[in-house]
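Undergrad: The structure that follows is given in the form of structure tokens.
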Amino acid sequence: MNSNKSLESLRKIFNFSIKSNTHKKIFEKVNLISGGNGQCVAEMVVEQQHTNEYGTLHGGFTAAAVDYLSSLAVLTHPKIVENIDSAPNSGVSVDIHVSYHNSAKIGDKIVINSETVKFGRNLAFLKVTLLRKDDNVILAQGSHTKFVG
């Protein structure tokens, strides 16, 4: 499946998730930029709804982004992408880690890069990096392991 088709499929899944009235509604201001071959890139502008009481990007939002956007990335991996339109299943989380390096404030543009590092028989290992777009400062890095067997 080519990357344009993968991105189109990801956007359908993403938009459906946001409209499903679940916690994924927090991603309604996130824009998917590219997707395919086990990767997904998204961008957003930090708004008040994404911040903590100090006016900076909330750690819970960041952790949720690591979880959800890496799950979208794995859907485009060559081992499972053929099922993306009929039966999208990114597996279940086994382990998630997030390291917070810098803060982002309201109005900052951020880029979220998600990639599949390794896709084994039963486990997928994913990596996510959140960067401030203007200066490429790393805000947070996450790893996510999913059972996909």
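Undergrad: Looking at segment 42-64, which of the residues that are in contact (Cβ under 8 Å) with a residue 12 or more places away in the chain and among the polar types (S, T, N, Q) is most open to solvent (accessible area, probe 1.4 Å)?
TA: In this case the residue turns out to be Q48.
Undergrad: Let me ask you something else. Taking the condition of being under 20 Å from G142 (Cα atoms), open to solvent by 20 Å² or more (accessible area, probe 1.4 Å) and in contact with a Ser or Thr (Cβ under 6 Å, 6 or more places away or on another chain), how many residues in segment 65-89 meet it?
TA: Qualifying residue count, segment 65-89: 1.
Undergrad: Does K146 count as at pLDDT 95 or above, surrounded by 19 or more Cβ atoms within 10 Å (Cβ to Cβ) and more than 13 Å from the chain's Cα centre (by Cα)?
TA: It is true that K146 is at pLDDT 95 or above, surrounded by 19 or more Cβ atoms within 10 Å (Cβ to Cβ) and more than 13 Å from the chain's Cα centre (by Cα).
Undergrad: Same structure, new question: Take the residues in segment 130-142 that are in a strand (DSSP E or B) and in contact (Cβ under 8 Å) with a residue 60 or more places away in the chain; name whichever of them is farthest from F119 (Cα to Cα).
TA: Ranking the qualifying residues of segment 130-142, first place goes to L139.
Undergrad: For V98, all conditions in the list (1) in contact with a helix residue (DSSP H, G or I) (Cβ under 6 Å, 6 or more places away or on another chain); (2) open to solvent by 90 Å² or more (accessible area, probe 1.4 Å) hold save one; what is the number of the exception?
TA: (2) is the only condition that V98 fails.
Undergrad: Name the residues in segment 42-83 that are under 13 Å from the mean Cα position of the chain (by Cα), more than 16 Å from V148 (Cα to Cα) and hydroxyl-bearing (S, T, Y), would you?
TA: T62, the sole residue that qualifies.
Undergrad: Filter segment 104-129 down to the residues that are open to solvent by 70 Å² or more (accessible area, probe 1.4 Å) and part of a loop (DSSP other than H, G, I, E, B), then identify the one that is farthest from L57 (Cα to Cα).
TA: The residue in question is R121.
Undergrad: So, one more: Q39 versus (1) surrounded by fewer than 18 Cβ atoms within 10 Å (Cβ to Cβ); (2) touching a strand residue (DSSP E or B) at 6+ places or on another chain (Cβ under 9 Å): which is the lone unmet condition?
TA: It fails just one condition, (1).
Undergrad: Let me confirm something: among S9, S93, which residue is over 18 Å from L131 (Cβ atoms), hydroxyl-bearing (S, T, Y) and either within 13 Å of the chain's Cα centre (by Cα) or buried (at least 19 other Cβ atoms within 10 Å of the Cβ) (or both)?
TA: Criteria check complete, one pass: S9.
Undergrad: Can you name the condition, by its number, that S86 falls short on among (1) of a type in the set (G, A, S); (2) within 23 Å of T145 (Cβ to Cβ); (3) in a loop (DSSP other than H, G, I, E, B)?
TA: Every condition holds for S86 apart from (2).
The values are calculated or read from the model by the stated rules, or taken from the named source; none is laboratory data. Values in this document were obtained by computation on a predicted structure and should not be read as measured data. Positions of Cβ are backbone-derived with ideal geometry, glycine not excepted, and every protein chain shown enters the neighbour counts. Surface areas here come from the heavy atoms of the whole protein model, side chains and all, with no ligands, DNA or RNA. Shrake-Rupley method; radii C 1.70, N 1.55, O 1.52, S 1.80 Å.
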